[in-house]
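Participant: Below are the structure tokens for one structure; questions will follow.
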Number of protein chains: 2
Amino acid sequence: MSTITDLVDRYLASWNETDARRRRELIAAVWAENASYVDPLMTSDGHDGIDAMIAAVQARFPAHRFSRLGTIDAHNDRLRFGWELTPEGGEPIAAGTDFAVVANGRLQSVTGFLDRVPNMD
Amino acid sequence: MSTITDLVDRYLASWNETDARRRRELIAAVWAENASYVDPLMTSDGHDGIDAMIAAVQARFPAHRFSRLGTIDAHNDRLRFGWELTPEGGEPIAAGTDFAVVANGRLQSVTGFLDRVPNMD
């Protein structure tokens with residue numbers, strides 16, 4: 001399970017990495033080349049698409065960080081884990097659950113569901 | 001959303017249908033031909049495999065019923081919904097969350113995760 005934990009935690013680290021080069025390295029390490037991401041608000045494919053999506057989220061929520069919520073539920077090649085999004089020095093503004101399919105040690109697809117959504121005022 | 005609700009509720013009805021012919025009809029209506037199911041305990045593929053899996057679960061838990069827990073969370077071609085397993089006249093003994101991919105109005109894949117597991121005594 002430590003390999004899975006490392007994969008998920010590096011995945012979340014890629015959402016938090018604002019240095020473009022380091023973010024891209026994390027994405028390449030964590031995602032399969034032809035990977036896809038989908039949630040209620042966004043869709044992306046491949047390393048370029050995922051990188052652009054994360055950069056857009058960082059621009060929308062500057063100084064916020066994603067962190068894992070609870071443990072990772074893993075069986076076969078499938079994962080489920082919770083996350084929350086927290087502004088620096090504040091309380092979490094959003095939380096969700098990601099479902100993932102793993103192939104050859106990297107993420108093949110991630111589907112995000114929102115459990116608690118940010119106030120968009 | 002009513003189509004999605006109907007799909008999920010017929011999916012759960014197929015888990016509860018002990019008449020072999022009616023169960024098979026429900027499975028054909030609800031699942032794509034090349035569909036797959038995976039959870040921590042079982043894996044099955046195709047209508048024959050799914051039917052055999054459900055029959056085995058019914059044999060293991062006679063007079064129990066699956067029911068939906070809460071609303072269905074749907075976006076794009078993805079679904080998330082909770083369920084529980086309840087013996088006739090009793091309290092739920094297990095609960096889980098299913099994550100599904102839909103294609104052409106039928107289930108292409110379902111991944112089950114267990115949230116509360118039965119006492120196997």
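No lab work stands behind these numbers, since they all come straight from the coordinates. Predicted model only: the values in this text are computed from it and were never measured. Cβ: placed from backbone, ideal geometry, glycine included. Neighbour counts: every protein chain shown.
Participant: For A:M42, B:M53, what ranking results if the residue with the fewest other Cβ atoms within 10 Å of its Cβ goes first? Don't skip to the answer; put the middle values down first.
Facilitator: Numbers: A:M42 14, B:M53 18.
By the 10 Å Cβ count, ascending: A:M42, B:M53.
Participant: Can you put A:F113, B:F61 in order, fewest other beta carbons within 10 Å first? Mind dumping the intermediate values first?
Facilitator: Numbers: A:F113 20, B:F61 17.
With the sparsest Cβ surroundings first, the list reads B:F61, A:F113.
Participant: Taking other Cβ within 10 Å of each residue's Cβ, how do A:I72, B:I54 sort, fewest first?
Facilitator: In order of increasing Cβ crowding within 10 Å: A:I72, B:I54.
Participant: A:A20 versus B:A29, label points 7 Å from Cα toward the beta carbon: distance in nm?
Facilitator: 5.5 nm
Participant: Using r as the Cβ-Cβ distance of B:M42 and A:R60, and R0 as 45 Å, what FRET efficiency do you calculate, to the nearest 0.05? Walk me through the numbers on the way to the answer.
Facilitator: Values: r = 41 Å, r/R0 = 0.91.
The formula returns an efficiency of 0.65 here.
Participant: At a Förster distance of 51 Å, what's the computed FRET efficiency of B:A52 paired with A:R68, Cβ-Cβ distance as r, to 0.05?
Facilitator: On the way: r = 37 Å, r/R0 = 0.73.
About 0.85, to the nearest 0.05.
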